[in-house]
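Let me begin by presenting the structure, written as structure tokens, before commenting on it.
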2 protein chains.
Amino acid sequence: MHRSRLGTVVIDCAEEEYESGVDFWAGLLGKEALPTDGPRYASLKGRVGGDGGPLILMQRVPPAERAIHLDIETDDVEAEVSRLEKLGARVKARIDRHVVMVAPTGHPFCVVPVYRRDFPAKATEWPDA
Amino acid sequence: MHRSRLGTVVIDCAEEEYESGVDFWAGLLGKEALPTDGPRYASLKGRVGGDGGPLILMQRVPPAERAIHLDIETDDVEAEVSRLEKLGARVKARIDRHVVMVAPTGHPFCVVPVYRRDFPAKATEWPDA
């Protein structure tokens, strides 16, 4: 058995738009922006929808990668990747402990190990094969 | 005073990938997919993060528009558009009662009138000028 949940909605901002972008998205949602894991990331304080809900994270990226993507947080990355491959996703890259996958709809997303203390709140349990 | 909240995370799927995409995203999150507002939309049952949290909605779009975007739900569209223009967003289009805006980071998003019965749960109050 392993567990996963929608951990984060990541707003990938082009380098030159990042600083103003953090202020904008914080202002739009009325949440304070907090630097997170160095100068490439800022997260909005609090969860969307309450305890166990997703974070909103802004990330600096090259301009061509501007997008919004989802991070799936799990207590077993390999089991979750295997489960999602069976649903039709494919692995695009492995970066440290993160796995970048691509959905059958072409949307990239990430499978990431548990990074929030409130896990497994709102996580779904999956029986492993 | 008006109110707004993050209402929906919209997964814009290319036409030919839509059917398999609905199944994939439903399976990924372990939620049932429900047809919503006709053949162009399906939403996942339940809110992300619990009461007042966002919906996940899949939408059919032309292939060039594949993306993920956010819908901001509000009880006063014009007041919310005006507030977001002051934060740096601009209006791109008006479609029925929806307003498509573009963030200073280049990400399109929509401002939409209240469409869920639980509004204003988790909404933020904004004093109007």
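What the table shows:
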| read-out | value |
| --- | --- |
| Rounded D (µm²/s) - the range B:1-72, Kirkwood Rh over Cα pairs, Stokes-Einstein at 25 °C, 0.890 mPa s | 196 |
| Alpha-carbon centroid distance for the pair the range B:19-46 / the range B:52-111, whole angstrom | 20 |
| Accessible carbon and sulfur surface of the range A:15-129 relative to its total accessible area, %, 1.4 Å | 52 |
| Residue of chain B nearest the B-to-A rotation axis [by Cβ], rounded angstrom distance | B:G49, 1 |
| Antiparallel content of DSSP bridges confined to the protein assembly as shown, in %, to 5 | 70 |
| Extreme residue, positive dipole direction of the range B:1-105, given options B:P62, B:L29, B:H98 (C-beta unit charges) | B:H98 |
| Summed buried accessible area for B+A [probe radius 1.4 Å, Å², rounded to 100] | 3100 |
| Percent RCO, i.e. relative contact order, over chain B, from Cα pairs under 8 Å lying at least 6 residues apart | 33 |
| Burial of 50 Å² or greater, the range B:1-33 residues [accessible area, probe 1.4 Å, versus chain by itself] | B:L6, B:F24, B:W25, B:L28, B:L29 |
| Residues of the protein assembly as shown: accessible area per residue with a 1.4 Å probe, Å² | 47 |
| Protection proxy ranking of A:45-55, A:92-102 - average other beta-carbon atoms within 10 Å, highest first | A:45-55, A:92-102 |
| In Å², nearest 10: area of B:T36 left accessible to a 1.4 Å probe | 40 |
| Binned Cα-Cα distances of the protein assembly as shown, short to long, each 5 Å bin given as a whole percent | 1, 6, 13, 18, 21, 19, 13, 6, 2, 1, 0, 0 |
| Cβ-vector label at 7 Å, A:W126, separations to other copies in nm | 3.8 |
| DSSP-defined beta bridges in the range B:1-64 - what % are antiparallel, rounded to 5 | 45 |
| Charged-residue dipole, Cβ positions (Lys, Arg, Asp, Glu), the protein assembly as shown about Cα centre, Debye nearest 20 | 220 |
| Semi-axis lengths, Å, the range B:23-129, gyration tensor of Cα atoms, sqrt of 5 times eigenvalues | 25, 18, 12 |
| Cα centre as origin, Lys/Arg/Asp/Glu Cβ charges: the range B:7-129 dipole, Debye | 160 |
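The values are calculated or read from the model by the stated rules, or taken from the named source; none is laboratory data. Predicted, not measured: the structure shown is a model, and the values here were computed from it. Cβ atoms come from the backbone with ideal geometry, glycine included; neighbour counts cover every protein chain shown. Just so you know, the surface numbers come from the protein's heavy atoms only, side chains and all, with ligands and any DNA or RNA stripped out. Shrake-Rupley method; radii C 1.70, N 1.55, O 1.52, S 1.80 Å.
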